[in-house]
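Trainee: Below: one structure in structure tokens.
Read the figures in this text as sums done on the coordinates, not as results from a lab. Bear in mind the structure is a predicted one, so any value in this text is a computation, not a measurement. Here the Cβ positions follow ideal geometry from the backbone for every residue, glycine too, while neighbour counts run over all protein chains shown.
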Amino acid sequence: MRRFPVGAFVALLAVIAVIGGIRIFAKSESQRYTQVQRVLSAPSRIDLDLSVSYPQGPIAQEDYHLVDADGDSIATYSVTDRKGDRAHFNEEIHGYGVSFAFEKLVQDGIWQITSKPARGRNEPIYTVFVKQTVQREHGSRKVSFSDPEYWARAREFHLTLDRSKATPDEADLIKLEASTNPDARYLKVVDDFRAFGSPAFKATIATARKKLLAS
């Protein structure tokens, strides 16, 4: 009587299991590879802009523009005087500087702050615009405000009329209550733009501004 070849059968099962595992693993890795390639090939772009308009003074306009397009980054600064003369500077950014700048703006509240009315006719107007595109999904934000230093130290005042007295005197008529309600996010966002760039780039900006202010 011939014995059933148990050893050969076990070996055959092991081979089948290995082949099946390879096929399952290969399919999973193929799907993963396709997903990774889809992410890598998808457009990715970050645009960060700060524009400052000056109603008076020798400087009429300042513009900061930071862009990262699929890993290629550049920072641009321009300043225009009241006569229309314009100075323009570029700096190529290596690494993830613009991405880090975007993260800093998010951390400092760019998605939360809202536009504020101008506090005076002669106040500079700050306009901040950010836009991020990743895998064809995008989000953007644009806000305008003046005097970010004011909002960083702002105070709210509440007036209460006292009608409980028939003939109130002036001291009782109006009760003035003040409460501190600063919002430093506006100033932080502006400072994030002004702090960006290499020492040489920031020195060039400072020199250009100084020259126009002295003109």
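Trainee: Could you go through region 61-75 in sequence order and give the Karplus-derived ³J(HN,Hα) for each residue, using 6.51 cos²θ - 1.76 cosθ + 1.60 with θ = phi - 60°, rounded to whole Hz, and x for Gly and Pro?
Mentor: 7, 10, 9, 10, 9, 10, 9, 10, 10, 6, x, 8, 10, 8, 10
Trainee: Full extension from ALA69 to PHE201: what is 0.36 nm times the residue separation minus their Cα-Cα distance, to one decimal in nm?
Mentor: Residue separation times 0.36 nm, minus the Cα-Cα distance, leaves 45.5 nm.
Trainee: Chymotrypsin sites (Phe, Trp or Tyr not before Pro) within region 85-151: which are DSSP loop residues with at most 14 other Cβ atoms inside 10 Å?
Mentor: Those satisfying the criteria are TYR96, TRP111.
Trainee: Please give me the summed charge of the neighbours of ASP47: other residues whose Cβ is under 14 Å from its Cβ, Lys and Arg +1, Asp and Glu -1.
Mentor: Taking every other residue near ASP47 into account, the sum is -1.
Trainee: Follow-up question, since we're still on this one. What number comes out for the charge environment of LEU105, summing +1 per Lys or Arg and -1 per Asp or Glu over other residues with Cβ under 12 Å away?
Mentor: -1
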